[in-house]
Each structure stands twice: as structure tokens, then as C-alpha cells.
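Reviewing the structure listed below.
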Amino acid sequence: MIERSEAFTNEPIAVETLPDFRDAEIQPVAPSYLKHKVTTTVVFWGLLILVSVLAPFLPFVAFNLSKYPAALASVIMLLSLLHARLDARHRGWALREHDLIYRSGVIFQKQVILPFARIQHVETLSGPIERYFDLMRVKCFTAGGQSADLVVEGLTTATAGQVRRYLLEQIRDDEESERGADQRDKSVVGKDG
């Protein structure tokens, strides 16, 4: 049996004394993130508009499409460009002593706080358009899932590499401190038994 020198307590905590995560200094995404979003939006919707405009002139298209699909796609593209601009303004991240914060969303805003102690694995990745704009994503995985629990978008390649290294160092430090605590507990049990 393990004897503890400290008595167990479970005192209430006043809500007013809790730290406020909103006090964290949120870093904006890289300026090239907006260029990336604009490029991908224009390419996707531009191709759709081009197809809807050229389709009636193709000999193997049996029906005549009106101009409405192209007009609708143009309106959606303009709204998507506005959304991309607002999204780039609202998106941000912060590293604190014990966790990573990521904020995203325009209409439905979301803020995720992921403690380093929960992170099992960290990856960086980028697609060809992201690489063109020197952007990279950091994916953080926790135990029990196949997909990433947090994906931080809009970081420069250099920043993403620094964040990944920092997170991996924190994970390693947490694992080493847990192993040290386990060794101390085993030595206490061994002396008592």
C-alpha cells in the first residue's frame, strides 16, 4: 500500500480566477494565405464557368444550356472570394506554455485549444498550390483517431517547421517526465513492499 504524505482535497475553484484563453495573443495566418485561397477559388469556379459557357457550342452536347449556370457560378465565385477574404482575417493561432490554440470560421466561428499532453503525433504537409505560396499545414493527432484532431492552416513553411519541432519537443518532454514519475512510483512501491 502506498502512503501519501498529502491529504486528498477537492476544493471548489472560483470561475473568476480561471485563466481566460482569449487573453492569448493570436497570430494571424501568413499574408500569402489569402492569395492561396483566392487562387484556388478562382481556378475552381473559373473552370466551372468556362465549362458552362462553352458547353452549348460543343457538338456532342444535345441540349442548350442557358446563360444562367454561368451567371450563378459567377455569383457563387464572388461570394466565395468575399468569404476567403473574411476567413483569412479571422483565422489565427497561438502557442502557449501548455497548449496550441487555433481559431477559424467566419459565420460559425470555432476556437480549438489542444493541450500538448494530448498530442501523440505531429505532421506537416502542403499541396502544390500551397508550396507555390510558401504555405504549409501542421496536423496534430491525439490518441484514438485516424484523422487529425487539429489542422493549423496558413503557416509559412518556416513557421510550420518551427511549430512542428516545438510540439515534438513538448511531447518528448512530457513523455520523459511521465517516465520519471513512473520510475519514482515503482521505487516507492518497491521500498514499501
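Tabulated data for the structure shown
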| quantity | calculated |
| --- | --- |
| Hits in the stretch 29-43 (condition: open to solvent by 40 Å² or more (accessible area, probe 1.4 Å) and either part of a loop (DSSP other than H, G, I, E, B) or at pLDDT below 95 (or both)) | Pro31 |
| Leu114, sole failed condition from (1) open to solvent by 40 Å² or more (accessible area, probe 1.4 Å); (2) modelled with pLDDT under 95 | (1) |
| Any hit, the stretch 113-129, residues being under 15 Å from Ile26 (Cα atoms), touching a residue at least 12 places away in the same chain (Cβ under 8 Å) and assigned to a helix (DSSP H, G or I) | no |
| Selection status of Val75, more than 30 Å from Val163 (Cβ to Cβ) and in a helix (DSSP H, G or I) | yes |
| Failed item, numbered, when Lys139 is tested on (1) without any contact (Cβ under 8 Å) to a residue 12 or more places away in the chain; (2) in a strand (DSSP E or B) | (1) |
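The values are calculated or read from the model by the stated rules, or taken from the named source; none is laboratory data. It should be emphasised that the depicted structure is a prediction, and the values quoted were computed from it without experimental measurement. When we count neighbours, we look across all protein chains shown, and the Cβ atoms used for this are built from the backbone with ideal geometry, even at glycine. All accessible areas refer to the heavy atoms of the entire protein, side chains included, with ligands and DNA or RNA removed. Shrake-Rupley method; radii C 1.70, N 1.55, O 1.52, S 1.80 Å.
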